[in-house]
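The values are calculated or read from the model by the stated rules, or taken from the named source; none is laboratory data. What you see is a predicted model, and the numbers here were worked out from it, not measured in a lab. As a convention, Cβ positions derive from the backbone with ideal geometry for all residues, glycine included, and neighbour counts pool all protein chains shown. Only protein heavy atoms, including side chains, enter the accessible area calculation; ligands, DNA and RNA are left aside. Shrake-Rupley method; radii C 1.70, N 1.55, O 1.52, S 1.80 Å.
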Amino acid sequence: MVDLAGLILAGGEGKRWGGPKAWAKLPDGRTFLEACAETLRKAGSRSMIATVPPGTDHTVIRALRVVALPRPGLDMFASLVTGLRRLMENPDWRVVAVLPVDHPLISPSTINALANERAQAAIPSFNGKHGHPVCLARSVAEALGDGSATGPTLREVLRSVDAVDVAVDDPGVITNCNTPEALATALKNLR
C-alpha cells in the first residue's frame, strides 16, 4: 500500500446541476462530496482535502479538510493548484489521487490500482476511454504547487510527465455526473 493523499476538486459553481455539485445527493442520501471522501478513505487515503466554492458551508466530513477557493470563477486547474498547495503542508504521502467531485461512483480499487503504478502520473481508462481520477507522484504535485509545472490544464502536465494509462474495470471513471439527468443515466447503466 502506497502512502496516499486525496484531493477532491469541488470548487465549481455547478451551473448545469443548479448549485455546487459537492452538495448534490446520491439516491442513498450521501452528497457527492461525502461519496468521494468515503471512496478515498476506503482506498487508504491518510490526508484528504476538498476545494469548494468561496462562501459555501464547510460541512464536516470525517478526515476531510475543506479549503474554500479564494474567489469565484476559478478554473479547475486553479482549484487543483490551491488544493495541492494545502496538501504539501503534510509530508506523509507519496501519491495523490485527484478526484473531481462529479465522479462520485468510483471504486476504491481503481484508486489503489492507479496509486500503485510506479509512474509520475497514472490515468484510468475504461473500454479505451480516459477518465478520472488521476494519481500524481508527490514530485509532480510539488511542481504544480510551486508553479514550476504549468497548464493551462492538467492534461498538458500529464503529457509532459509521460503519464501511464491504466485499464480498469470501473465504468465510474468515465461517468461524469454533471447534471441530474447524467446521474440518473449513470445509475441506470450501472445496474
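For this structure, a couple of remarks:
- Restricted to the range 37-65, and to residues there that are out of contact with any Asp or Glu (no Cβ under 9 Å at 6 or more places or on another chain), hydrophobic (A, V, I, L, M, F, W, C) and surrounded by 15 or more Cβ atoms within 10 Å (Cβ to Cβ), the residue that is nearest to residue 109 (Cα to Cα) is 43.
- So residue 191, is it basic (Lys, Arg), farther than 22 Å from residue 82 by Cβ and open to solvent by 30 Å² or more (accessible area, probe 1.4 Å): yes
- Residue under evaluation residue 36, criteria (1) over 11 Å from the mean Cα position of the chain (by Cα); (2) part of a helix (DSSP H, G or I); (3) at pLDDT 95 or above, criterion not met: (1)
- Entirely in the range 73-180, the helices (runs of 4 or more DSSP H) that have 2 or more residues that are without any contact (Cβ under 8 Å) to a residue 24 or more places away in the chain, open to solvent by less than 50 Å² (accessible area, probe 1.4 Å) and not charged (D, E, K, R): 138-146
- All conditions but one from (1) aliphatic (A, V, I, L, M); (2) open to solvent by 10 Å² or more (accessible area, probe 1.4 Å); (3) over 17 Å from residue 175 (Cβ atoms); (4) modelled with pLDDT of 95 or more apply to residue 9; the one that does not is (3).
- Among the residues here, residue 61 does not qualify as of a type in the set (Val, Ile, Thr) and within 14 Å of the chain's Cα centre (by Cα).
- Taking the conditions (1) buried (at least 20 other Cβ atoms within 10 Å of the Cβ); (2) over 12 Å from the mean Cα position of the chain (by Cα) in turn, residue 30 satisfies each one other than (1).
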